1. Looking at the stretch 322-343, I want the residues that are closer than 30 Å to Gln215 by Cβ and in contact (Cβ under 8 Å) with a residue 12 or more places away in the chain and have a partner that is in a strand (DSSP E or B) and not aromatic (Phe, Trp, Tyr) with Cβ atoms under 8 Å, at least 6 apart or on another chain. Which pairs are those?
2. In the stretch 158-210, what residues are on the phi > 0 side of the Ramachandran plot and either under 24 Å from the mean Cα position of the chain (by Cα) or free of Cβ contacts under 8 Å to residues at least 12 places away in the same chain (or both)?
3. Return the total of residues in the stretch 338-374 being surrounded by fewer than 14 Cβ atoms within 10 Å (Cβ to Cβ) and among the hydrophobic types (A, V, I, L, M, F, W, C).
4. Here's a check for you: in the stretch 306-333, which residue that is part of a strand (DSSP E or B) and of a type in the set (Val, Ile, Thr) is surrounded by the most Cβ atoms within 10 Å (Cβ to Cβ)?
5. Among the numbered criteria (1) buried (at least 17 other Cβ atoms within 10 Å of the Cβ); (2) more than 22 Å from the chain's Cα centre (by Cα), which single criterion is violated by Asp264?
Amino acid sequence: MNWVIGVGLLTMALLAGFAGYSLPDDLLSGTGLRIAQGIMLSIPVIGTYLSFFVFGGEFPGTDFISRLYAVHILVVPGLILALLTAHLIMVWYQKHTQFPGPGRTNDNVVGYRLMPIYMAKAGGFFFVVFGIITLISGLVTINPIWLYGPYTPDQVTAGSQPDWYIGWLEGALRMMPNVEWVIFGYNLSWNILVPAVIIPGLVFTVMGLYPWIEQWATGDKSEHHLLDRPRNAPVRTALGAMALSFYVLLWIGGGNDLIAKFFDLSINGITWVLRIAIFVVPPLVFIATKRVCLGLQRRDRDKLLHGMETGNILRLPHGEFIEIHAPISDEEKAVLMSKPERLPLPMPEEVDENGVALKGARKARLRAKLSNFFYADNIALPTRAELEAAEEHLRHEVEEAAPVMEEDRRLVTAHDGSVLHDPAND
């Protein structure tokens, strides 16, 4: 539920920002409100009614600014306060999550106390944020409404750009081709409905349901207070990176006109590149991120089995050169060994011993496929026997290299790069 509360806080923050951005009623914010009204009108059946209800009649109306003011200073802050209260109550009851480390498990909490450590940190952070906001309010021009002028419905500010948090929606609108259908005399504007209603709806719905999707794939309903390292959940990390690339491409699309002007490029060319990239780049980012995570898992396994590379080369009596490894610390070993071993669900049988189709077999098969998608690719941790053998080998290697390391300590590098023997180190 804490995840859902976080998604709700994100939604409320976007709404609060857009409401505050729209309050000045200048030409720039009025253009944003006009876009919002167009999005409402694109919703089939209820769009017109919704627009009339929100604006109190035809756009722009005379009631909306006063309504928006109440929403901005009372309704949305009240909802944010309620969600924050629920979040803090749940954190107090469930305790906070923690990074892996020595002595840290899903059954305990290792860290500093609320008083005085976290209170001091939170207080210091509050004053830092307060000071930065004060400096920005006094020294930085945020919204020069005297340059934009008052809102006039038949005018649009040249080069108008949305705020950063809403830029991805503007980019989706600009990238969507002009597709409109006329059904029984009614217009269905896919070019607005898809990028501004359907895509955001899908994004926030999937975001809110994601914990349940992964829980269904694993069947794991136990409590988890120990955080996963990103590399130890390669598919989850790859999905996050893919979503971030999707967001960045849409965000770039929100400024395609200024990018075209600054770099002297064709705005149509930029738009078409983004239209293609939105389908090509996120899958490539997913594949690359997943491979990187699996590669880091292999590196962690090598650390557990072979120790840390020291950069020191040892020549054995028979002429072989090897690199000397040093054992990793207990803290790092605890972090590396915290990787959970999640096995994908096996594919279920579709029929029983009599050849009769099993009830729910299709659902179970879908669940097994989803589980394999998440957890089939995995680098297993070394077994206890492998770790004991590796520790014995590493101990022997360190003992064998001890004389060489001692001699290396006695050598001093001169200013010209030559190596001198320092008798003071004898």
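1. Note: pairs meeting the criteria are Ser338/Leu226.
2. Phe184, Gly185
3. 8
4. Among those residues, the one meeting the criterion is Ile324.
5. If we test Asp264 against (1) buried (at least 17 other Cβ atoms within 10 Å of the Cβ); (2) more than 22 Å from the chain's Cα centre (by Cα), just (1) comes out false.
Values in this text are rule-based calculations from the coordinates and carry no lab data. Bear in mind that the values here come from a model prediction, so they are computed numbers and not experimental data. No Cβ is skipped: glycine too gets one built from the backbone with ideal geometry, and neighbour counts run over all protein chains shown.
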